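Colleague: Submitted below is the structure of interest, expressed as structure tokens.
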Amino acid sequence: MSKEKDILVTQIQEQKKHAIEEESLNKRYNDLGAQARLDAFRSRYKETRDKSDHMNRKFEEASKNLKDQLATKGSRGPQPEEAACCRG
């Protein structure tokens, strides 16, 4: 009877150990999946931010060019052709 009890206790301990290892592996696998999702999100966010920064620089550049053009036209005064087209 004692020998059978020892065998059962050993089997129970092995099953508990296996269950703990399996739980640990599942947790690690889930963590890796979460990390992959986070990396993908971070990459998309960085691309969007870079695109936004690029567009902002282009806007600032175009705005500066238009301001310069308006400043030079303002100092010259309206040209007759431009005045005619602006009136309608």
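Colleague: Step through the residues of region 26-39 one at a time and calculate ³J(HN,Hα) from phi using the Karplus curve (6.51 cos²θ - 1.76 cosθ + 1.60, θ = phi - 60°), rounding each to whole Hz and writing x for Gly and Pro.
Modeller: 4, 5, 5, 4, 5, 5, 5, x, 5, 5, 5, 5, 5, 5
Colleague: Excluding residues on the same chain fewer than 8 positions from residue 5, give the lysines whose Cα lies under 24 Å from its Cα.
Modeller: Candidates past the 8-residue exclusion: 16, 17.
Colleague: Right, another one. Given the C-alpha centroids of region 1-27 and region 36-57, what is the distance between them in whole angstrom?
Modeller: 48
Colleague: Excluding residue 30 itself, what net charge comes from residues whose Cβ is under 14 Å from its Cβ, given Lys and Arg +1 and Asp and Glu -1?
Modeller: Result for the neighbourhood of residue 30: 0.
Colleague: Spelling out what I want: for every residue of region 42-48, take phi, set θ = phi - 60°, compute 6.51 cos²θ - 1.76 cosθ + 1.60 (Karplus), and round to whole Hz; glycine and proline get x.
Modeller: With the stated coefficients, region 42-48 comes to 4, 5, 5, 5, 5, 4, 5 Hz.
FYI, it's all coordinate maths here, none of it is from the lab. Predicted model only: the values in this text are computed from it and were never measured. Here Cβ is always computed from backbone atoms with ideal geometry, including for glycine, and neighbour counts include all displayed protein chains.
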